[in-house]
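**Q** Sharing a structure, written as structure tokens. Questions coming.
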Amino acid sequence: MIRLYGFPRSLNVERVAIALAHKDLPTEVTAIDPADRTTVREISGQDLVPVIDDGGTIVHDSTAILRHLESRYPEEPLFSADPARRAEMDVFLDWFNRVWKRPPNVIAAELEKPAPDRALIERLGEEMTASLDLFEALLSGRDYLMGDELSAADCAAYPFLKYVDFQDPDDTHPFHLVLREYETRGGEHPRLGVWLRRMARRPQVAF
């Protein structure tokens, strides 16, 4: 039994929730108060979610958890066994985490300042909007970002890209509002829209 620590509406937790459901792994959920990370800190030595306890093996960081699950439970794979395809996945995950996520993170931080740099915000927002074209192209002739089957790329990207057509009036998290603001400016992306709806129908471990 895997124990997943996190809280609702965490996009990084959602990455893992998709993967756990895809692999059909028995999971118990421990909901954490975002304002009190004591439990997470005690078991993992840091404050961020998600964290899993897999039979005494503690893993934190959503991408590290995806890799751990693949190594420990290879059925219903999320990574290709082919070395070249595996390397492509590694490049995608690194790009998404370190490059794609930078603009919304910087915008959210800038908006918290007394005098935000509006020119910087607009420039980074334009980068976010333009990136939708890349995902549209990735989905040419295939159902998922890296092929015809769900992969770690879809688990990693979907929670952040869903704001193209996802509306939750109760979700007022500043970072999520940034995603909604700039992802809805992108115009028509029909293949991306189909993928988003396909992903929305997939099961997730629920909080």
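The values are calculated or read from the model by the stated rules, or taken from the named source; none is laboratory data. Just so it is clear, the model here is predicted, and its values are computed rather than measured. Every residue, glycine among them, receives a Cβ derived from its backbone with ideal geometry; neighbour counts consider all protein chains shown. Note: areas computed on protein heavy atoms with side chains; ligands, DNA, RNA excluded. Shrake-Rupley method; radii C 1.70, N 1.55, O 1.52, S 1.80 Å.
**Q** I'd like the residue in the range 175-194 that is in contact with an Asp or Glu (Cβ under 7 Å, 6 or more places away or on another chain) and assigned to a helix (DSSP H, G or I) and, out of all such residues, is surrounded by the most Cβ atoms within 10 Å (Cβ to Cβ).
**A** Here is the first cut: in the range 175-194, the ones in contact with an Asp or Glu (Cβ under 7 Å, 6 or more places away or on another chain) are 189, 191-193.
With the extra rule that they be assigned to a helix (DSSP H, G or I), the set shrinks to 191-193.
On the way: Arg191: 16, Leu192: 23, Gly193: 14.
Going through the qualifying residues, I end up with Leu192.
**Q** Suppose the filter is open to solvent by less than 10 Å² (accessible area, probe 1.4 Å), more than 22 Å from Ala17 (Cβ to Cβ) and touching a residue at least 40 places away in the same chain (Cβ under 8 Å); does Met128 pass it?
**A** Details: open to solvent by less than 10 Å² (accessible area, probe 1.4 Å): yes; more than 22 Å from Ala17 (Cβ to Cβ): yes; touching a residue at least 40 places away in the same chain (Cβ under 8 Å): yes.
Yes.
**Q** Another question about this same structure. Of these, Arg191, Arg197, Arg142, Arg123, which one is over 17 Å from Val16 (Cα atoms), in contact with a Ser or Thr (Cβ under 8 Å, 6 or more places away or on another chain) and modelled with pLDDT of 95 or more?
**A** On the way: Arg197 fails: in contact with a Ser or Thr (Cβ under 8 Å, 6 or more places away or on another chain); Arg142 fails: in contact with a Ser or Thr (Cβ under 8 Å, 6 or more places away or on another chain); Arg123 fails: in contact with a Ser or Thr (Cβ under 8 Å, 6 or more places away or on another chain).
None of the other options fit; the residue is Arg191.
**Q** Any residue in the range 23-43 that is closer than 22 Å to Ser151 by Cβ and of a type in the set (S, T, N, Q)? Spell out how you get there, then give the answer.
**A** Of the residues in the range 23-43, the ones closer than 22 Å to Ser151 by Cβ are 23-25, 27.
With of a type in the set (S, T, N, Q) added as a condition, the list becomes 27.
Yes; the residues of the range 23-43 include at least one that is closer than 22 Å to Ser151 by Cβ and of a type in the set (S, T, N, Q).
**Q** Next up: Of the conditions (1) part of a helix (DSSP H, G or I); (2) open to solvent by less than 20 Å² (accessible area, probe 1.4 Å); (3) within 22 Å of Arg86 (Cβ to Cβ), Leu150 clears all except one; give me its number.
**A** (1)
**Q** Out of (1) touching a Gly at 6+ places or on another chain (Cβ under 8 Å); (2) free of Cβ contacts under 8 Å to residues at least 12 places away in the same chain, the odd one out for Pro103 is which?
**A** Every listed condition holds for Pro103 apart from (2).
**Q** For the range 43-60, what are the residues that are hydrophobic (A, V, I, L, M, F, W, C) and either out of contact with any helix residue (DSSP H, G or I) (no Cβ under 6 Å at 6 or more places or on another chain) or crowded, with 20+ Cβ neighbours inside 10 Å (or both)? Walk me through it before giving the result.
**A** So the first thing to find is which residues in the range 43-60 are hydrophobic (A, V, I, L, M, F, W, C), and the list is 43, 48-49, 51-52, 58-59.
Within the range 43-60, Ile43, Leu48, Val49, Val51, Ile52, Val59 qualify.
**Q** Any residue in the range 75-90 that is closer than 16 Å to Ala156 by Cβ sitting within a Cβ distance under 6 Å of a residue that is acidic (Asp, Glu)? List the pairs, counting only those 6 or more apart or interchain.
**A** Leu78/Glu70; Phe79/Glu70
**Q** I've got another one for you. Checking the conditions here, which among Val29, Val40 is open to solvent by 20 Å² or more (accessible area, probe 1.4 Å) and of a type in the set (A, V, I, L, M)?
**A** On the way: Val40 fails: open to solvent by 20 Å² or more (accessible area, probe 1.4 Å).
Only one candidate passes the filter, namely Val29.
**Q** Moving to a separate point now. Taking Asp165, is it of a type in the set (D, E, K, R) and either touching a residue at least 60 places away in the same chain (Cβ under 8 Å) or closer than 27 Å to Leu69 by Cα (or both)? Don't jump to the end; show me each part of the working.
**A** On the way: of a type in the set (D, E, K, R): yes; either touching a residue at least 60 places away in the same chain (Cβ under 8 Å) or closer than 27 Å to Leu69 by Cα (or both): no.
No.
**Q** Follow-up. Can you find a residue in the range 126-142 that is in a loop (DSSP other than H, G, I, E, B) and within 21 Å of Ile65 (Cβ to Cβ)? Quick ask: steps written out before the conclusion?
**A** Taking the range 126-142 and keeping what is in a loop (DSSP other than H, G, I, E, B), we get 139-142.
Adding the requirement that they be within 21 Å of Ile65 (Cβ to Cβ) leaves none.
No, the range 126-142 has no match at all.
**Q** One residue is enough: does the range 141-149 have a residue meeting the conditions small (Gly, Ala, Ser) and at negative phi? Write out each step before concluding.
**A** Here is the first cut: in the range 141-149, the ones small (Gly, Ala, Ser) are 141, 147.
Retained after the next criterion (residues that are at negative phi): none.
Within the range 141-149, not a single residue is small (Gly, Ala, Ser) and at negative phi.
**Q** OK, next. Please state which of the following conditions Arg9 fails to meet, knowing it meets all the rest: (1) open to solvent by less than 50 Å² (accessible area, probe 1.4 Å); (2) closer than 30 Å to Leu177 by Cα.
**A** (1)
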